[in-house]
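Report on the structure given below.
The values are calculated or read from the model by the stated rules, or taken from the named source; none is laboratory data. These numbers come from a predicted model, not from an experiment. When we count neighbours, we look across all protein chains shown, and the Cβ atoms used for this are built from the backbone with ideal geometry, even at glycine. Accessible surface areas use protein heavy atoms only, side chains included; no ligands, DNA or RNA. Shrake-Rupley method; radii C 1.70, N 1.55, O 1.52, S 1.80 Å.
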Amino acid sequence: MRGHCSTVTTGPSQSTTLWSDLLLRAMAELRELYLPLESHLDDGVRDDFSHLFEGSARLDALLQQESPDRHDLMNVLSAIRGYGEMLREDLAAEHTELDAALTRLLKATQAANSGDAPEPASQDHRNITSEPGFILAVDDLQENRELVARYLSRSGHIVVTAAGGEEALRTLNQADVDVVLLDLVMPDMDGREVLRRIKEHPEWRATPVIVISGSQDMEGIIECIEAGADDYLFKPFNPVLLQARIKAGIERKRWHDREELYRQQLERNEKFIRATFGRYLSDEIVTDILERPEGLELGGDLRRVTIMMSDIRGFTSLSEQLAPAQVVTLINRYLGAMTDIIMAHQGTIDEFIGDAILAVFGAPMRRDDDADRAVQCALEMQAAMEEINRLNREDGLPEISTGIALNTGDVIAGNIGSERRSKYGFVGHPMNVTSRIEDVTAGGEILIADSTLESLKGDYCTGECRELKVKGIDELLQVHQILECAP
C-alpha cells in the first residue's frame, strides 16, 4: 500500500526512534534465528539474507547521523522491504519461525513508512500475473537495481538495468523496452531530464515510465505526471502494487505496438492501392475513393470539362503487318509516353481503346485553366512523337503519327456501371462531338472546337478554321487547328 512517510529533516525524532528501534530489534531477532539455519539454506536464500543484513547495517549508519538524508533512508528501507518480501515467499512454507520474524520486520518497515507505530502486516499476497515484459530499471544505486531485477525476474520479466540517465537512453536506443522504472535522484542526469527526453523522442514517447522515488514532494509528483510519467511509486514500494503497475504498463505498450503495426499495415495497403489503381485511374480519382467512401456510389454530377481524344493514324493496317510482340512494343511505347504527359498536365485518363486515348481535363478536380492545360498537353504530345519514332526506327518498327481532338462542354462525371462492376467515366453529347472531330484529324494535327477556343485564357497559334458536317450530329461544327508557335 502507498504510505505517508513523514519528512526527515533534523535529527532522529521520537517517531523515527520508535520505528527504527522496532526495525533494528526485528532485524536482530531475525539474525538470531537465521544463523543456526544458515548452512541448511540454499545459496540464493543466503544471498538474499546477506543483502538484507547489509541493508540493516546501512540503516543503522544512517540513523547515527544528525540529519539522515530522506532519499538514502527510503532507498535502504526499500531494499530491506524488497528482500524481506522475497524471503517470505521462499521460506514461509518450510521455516515458520523465520517467516514470523520476517513478518515482524515488514511491519516495522511499514511503521517507518507511516512514521508511527506498526500497522498489521498486509495479508495481500496476491500474485499479479502479466505477459512477460522487457523492463528497464534505472537507478544509481546498485543494490536497488539488483533488488528490482531479482524481484521482477521471478515473475518472468526480462530486466535490464542502467546506472544513470545516459546509459538508460543508450539502452532505449538499442532495445524495444516495454516499461521504464525510473529513479529521480541520480548524479549527472536526474530522472526528470531522462523522463523529458523519453517523452520528447518520437519512438520512445509511448513507452510507459513509472517513477520510483523516496521523495513525496507533491510539486515534484505533479511535475513528473505533467512531463508524461505514467505512474509514481514511493520507496519503499509495495511489491504487489509494483507488479500491478507494471502489468498495466505492459498492456498499454502492447496496445500501442499493435496500433502502430496496424497503422503501418494500413499505410502499406494504401500505398499498394494507390500504386495499383493509379495504373488504371488518375491519382485524384484514387484519392477521392480512398478519402470519401461515398465516392464509390453509382451516379455523378454535371461538370464542364475539356475532352481530349487521340489515336494513331492508320494503326489497323500497321498492326496487320507486324508480329503481335512488335504491336505490343509499339503501342506500349506510345501509350506510356502519352500517359506521362497527360498526367503531368493533371488530366484524367478515362480509358484506352486500342491505340486511342480518351482523357478529360476538369474532373474530378476542376481548375480555371482546364482548357489551357489540355491544349498545352496536346502540343507536348505531338512534340513527343519525334522521340517515339526515333526509338521505333532503332527497333525496326514503323514510324507513327497521331491526331488529337479537343472539345469543351458539360458532361455527367461519376461512377458508371453496376454495383458489381463500375468505372469513373463521362456521359454526354460533348463526348460524341469530340469523337467526331477526332475522326477527321490528320496525322500530327490538333483540332479544337469553338467551345475550347473560347475557354482558353492564354495566347496560342491557330491555323485554318474549318466547318464540319459529321454523321449523327445535325449542327455544323467549327474547328480550329492549333499549331506549335515559332520561338
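Overview of values
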{"read-out": "Percent accessible area from carbon and sulfur atoms, the stretch 18-116, protein chains only, probe 1.4 Å", "value": "47 percent"}
{"read-out": "Residue-span extension gain [residue 459 to residue 223] - 0.36 nm each, minus C-alpha spacing", "value": "78.3 nm"}
{"read-out": "Amide H contacts of residue 212 (H built 1.01 Å from N, under 5 Å, at least 5 apart or other chain)", "value": "182, 183, 184, 233"}
{"read-out": "Cα gyration tensor shape for the stretch 368-463, rounded if a/c is under 1.5, else prolate or oblate", "value": "oblate"}
{"read-out": "Tensor-based shape of the stretch 201-268 (alpha-carbon gyration tensor, a/c under 1.5 rounded, otherwise prolate or oblate)", "value": "oblate"}
{"read-out": "Cβ-derived FRET efficiency at R0 45 Å, residue 262 paired with residue 100, nearest 0.05", "value": "0.30"}
{"read-out": "Three-way shape call for the stretch 18-116 based on the alpha-carbon gyration tensor, with the a/c threshold at 1.5", "value": "prolate"}
{"read-out": "Within straight-line cross-link reach of residue 235, lysines at Cα separation under 18 Å, skipping those fewer than 8 residues along the same chain", "value": "107"}
{"read-out": "Charge context of residue 257, other residues only, Cβ under 12 angstrom, K/R +1, D/E -1", "value": "-2"}
{"read-out": "Heavy-atom accessible area per residue - the stretch 182-266, 1.4 Å, Å²", "value": "49 Å²"}
{"read-out": "Cα-based reach from residue 199 at 13 Å (exclusive), listing aspartates and glutamates while leaving out same-chain residues under 8 positions away", "value": "226, 230"}
{"read-out": "Net charge of neighbours whose Cβ lies under 9 Å from the Cβ of residue 227, counting Lys and Arg as +1 and Asp and Glu as -1", "value": "+1"}
{"read-out": "Residue-normalised accessible area of the stretch 355-406, expressed per residue, 1.4 Å probe, Å²", "value": "37 Å²"}
